[in-house]
Every structure is written in C-alpha cells, then in structure tokens.
Amino acid sequence: MSEAGTAPDSAPEAVTAAVSAVLEALNATDSNGTETLNATAKFVATAEGTALAYGSLVFMALLPIFFGALRSVDCSKSKNAADMPETITSRDAARFPIIASCTLFGLYLFFKVFSQEYINLLLSVYFFALGVLSLSHTMSPLVSRIFPASFPNKQYQLLFTQGSGESKEDIVNYEFDSKNLVCLLISSVVGVWYLLKKHWIANNLFGLAFALNGVELLHLNNVSTGCILLGGLFVYDVFWVFGTNVMVTVAKSFEAPIKLVFPQDLLEKGLQANNFAMLGLGDIVIPGIFIALLLRFDVSLKKNSRTYFYSSFLAYIFGLGLTIFVMHTFKHAQPALLYLVPACIGFPVLVAMFKGELTEMFSYESSQEVLPASPRLTYFPTISGSPASLASSMDAVSMAKGSSPRHRRLQSNFL
C-alpha cells in the first residue's frame, strides 16, 4: 500500500500535523469521552439503538488501526523523504503527558475567557484545511488503483521561495499530480459539507482520516518508548477525567472532527438523529501507534506470522469493550486508556514471555528500518488529552521549528 509517488510531498506532513494535534486533543473516550461513549443525558436510548451505536464505534475504531498499521509498514520502507514517518523517542514520550496537560488546561481557560462561538469558527476553518489534506492522503492509494494506466497523470509543483542565491529558502514546495487533484477535489466537497452542516457523517470521514494517518505516520522507535508513552497518558487520562471537570468541559466546548460519533437514535430519526455516543481519536491513535509498532516487529522477525499484531489488536477490542461495559453499567464517564493501556501492553508481553521472545521484543528498534536521513521529532506536542491540545500543539510546533511546510511534520493531540 505504499503511497510513494501518489501523495503530494507535503500531504504526509500536513496529515501528521493534523494527526498529531488531533491525536491528543482527542485522547480518551472522548476522554472527555466521559460523556461520549454513553451520551445519555435526557434521551433514553433503546437497547437496539445503544447496541448499534456502540458496535459502530468499535468497528470504526478498528478500521484506522488495522489499515493504518499495514500502511505504517510500507511507510517505514519508503525511499521518498516526503513519505517518511515521524519518530517518537523515549524523551518525546516522557514529555507528552506534561505538554498535553498544559495544553488542556490552557484551552480550558481560553474557553472560559473568550467567546466559544468565535473560537470554534476559527477551529472549523483550521480543521477544514487539515481534514481536506488528511482525507486526500488517505484516499490516494485507492484512487491510484481505480484510474486506468492510460490516464494522463501530469505532474505539478507549487513553489514559493524566499531570498535568492545560496540564501534561497523554500517557503512552500508542494508537488502533486492529476490523481492528487482528484483526491483534493473529493476531499474539498466533504470539507464544505462539514463546514456548512457539521453533519456527523462528514465529521466521521475526517476523523477516520486523521486517525488512520496518525497510526501510519507517527512511529514509536521501540517498545520501551511505547510503554512510557502509554503509561504516562494512562495517568494523564485518569487524572483529568476523574480528578477534575477540565477535560469534560473542553470536550463539550470544542467543535472539531477530533472524535468519532454515532447516533443512538438513528433507528428513530434516521440520518437526522442527534443524540450521539462518541469516541475520542486519542483512544484510537495512541494505542494504534503501539499496535503498528508490534506489526513492524512481527515483520522484522521474518516468520510469516503476525502473532504480536493480532494479540494486541484483540487486546484493544477487549479493552474498548470493557470501557463501554463499565460506562454503560455505571452511567459515568470513563477514561478509555484506563482499560486500553493495560490490555494493549499486557497481552503482547504475556505472549512474548510465553514464546521466549521478550528480550527480542524490547530490543527491537523500529527506527533501524528508516533511512538515516529521515526526519525526527525535535519538538513533540501534546498527544493526549483534550480537544484543545489540538490547535495549540500544532501552532506550537510551527513556531518552535520555524521550518518550511515541506520539511515540517505536523503533530497532534487527541482527547
């Protein structure tokens, strides 16, 4: 599923940014998900409607993890520098919960001081652009297969530079082809639909694209880093959901495609249904990048088996199912990572101990498969927490790195 030569050079970067920002802004079953997966305030959902909503959320969560992990294998082998993934180191992982917490609380104060209406208007425009690029990048492999070989696929380049001679610097260097234009056109239609209607289907299309690109383009360098990241976000998630009302407040105020939603009253109201169960993208991307790492570890073993990938994938299903069960039983918001982290780490570790491959698993370095010249994260924003972390972390990355769009990888946060 390699996308080299099909996606614009800057698409993966823009997507990673979206994803990175989105990543933690969405952490948790909405992490604020607190009221998400079990959205039950005044509406009493039928058993059928509830089952349909929960089942659909689980199915949608599995799609970006499964296909994103597969695409991450091709991404790590790409010879195209523009398609190279972002590598998360142990230092980045240790900072993550702290930066996420600061971003989340900052957004909480922001929503308390300024008008929610205008803030969300700006965020809608911001995510429109990121969503169009992300969805276009996601669709690119499929569109490339659909078009016949005889299709006149012309190459284009949008170049904007600053200075002259040896001091010339690329401000915008965007390479694309005719197939990319088709993807951008289709994605733009979805984007306009989302801007005008904020329809839940358009929201989910963007959310799935963000999640898939996050799993594909954000790579953990080893299993130890994954344990640090998931462990830190485990504590972060539990504290902000059970310890304060900050995450729930931000999640309710934040209007952006940083969560997957599905109506519990779909059977009664059809596509106009409006009582939603929700799942934050952070609860998909954070475990997803760890599951993708284990798939690359499986590939490195050259045993033609996917034991660790399937065990972690099943662990994710178990953890998410347990989250939904507890939420539905106690009618109280739950931090999804409270259940997902022990499952996604514990299952593969037990399998490795049983097979006698624990040492090999923890000594595996994913970055060894990436070209030495591949970009690395020098500034890693929030990957966990509130929707707010999203916008804030993305802007922080741009200002901190000061690099051109072509060489800048977007980073994201999810609630």
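The values are calculated or read from the model by the stated rules, or taken from the named source; none is laboratory data. Bear in mind the structure is a predicted one, so any value in this text is a computation, not a measurement. Note that each Cβ is placed from the backbone with ideal geometry, even for glycine, and that neighbours are counted across all protein chains shown. These accessible areas exclude ligands, DNA and RNA; they are computed on the full protein's heavy atoms, side chains included. Shrake-Rupley method; radii C 1.70, N 1.55, O 1.52, S 1.80 Å.
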Study note, to complete from the structure: Just one listed residue, out of SER398, SER311, SER389, SER393, is part of a helix (DSSP H, G or I), at pLDDT below 50 and open to solvent by 10 Å² or more (accessible area, probe 1.4 Å), and it is SER398
Review point. Looking only at segment 314-340, which residues are crowded, with 22+ Cβ neighbours inside 10 Å, under 17 Å from LEU279 (Cα atoms) and touching a residue at least 24 places away in the same chain (Cβ under 8 Å)?
Key: TYR316, GLY319, LEU320, THR323, ILE324, MET327, ALA333, GLN334, PRO335, ALA336, LEU337, LEU340
Point to revise | Boolean, VAL215 is under 15 Å from SER134 (Cβ atoms), modelled with pLDDT of 85 or more and loosely packed, with under 15 Cβ neighbours inside 10 Å | key: no
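Matching residues to (1) touching an Asp or Glu at 6+ places or on another chain (Cβ under 7 Å); (2) open to solvent by less than 20 Å² (accessible area, probe 1.4 Å); (3) in a helix (DSSP H, G or I); (4) of a type in the set (Gly, Ala, Ser):
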site: ALA93; (1), (2), (3), (4): no, yes, yes, yes
site: ALA100; (1), (2), (3), (4): yes, yes, yes, yes
site: THR103; (1), (2), (3), (4): no, yes, yes, no
site: PHE110; (1), (2), (3), (4): no, no, yes, no
Review point. Among the candidates LEU293, LEU279, which residue alone is at pLDDT 85 or above, in a strand (DSSP E or B), in contact with a Gly (Cβ under 7 Å, 6 or more places away or on another chain) and of a type in the set (A, V, I, L, M, F, W, C)?
Key: LEU279
Practice item. State whether the residues of segment 132-141 include one that is in contact with a Gly (Cβ under 6 Å, 6 or more places away or on another chain) and either farther than 25 Å from LYS259 by Cα or open to solvent by less than 80 Å² (accessible area, probe 1.4 Å) (or both). Key: yes
Review point. Across segment 231-275, which residue is modelled with the lowest pLDDT among those that are assigned to a helix (DSSP H, G or I) and buried (at least 24 other Cβ atoms within 10 Å of the Cβ)?
Key: ALA251
Revision key, fill the gap. Scanning segment 228-280 residue by residue, those touching a helix residue (DSSP H, G or I) at 6+ places or on another chain (Cβ under 8 Å) and among the β-branched types (Val, Ile, Thr) turn out to be ILE228, VAL235, VAL238, VAL241, VAL246, VAL248, THR249, VAL250, ILE258, VAL261
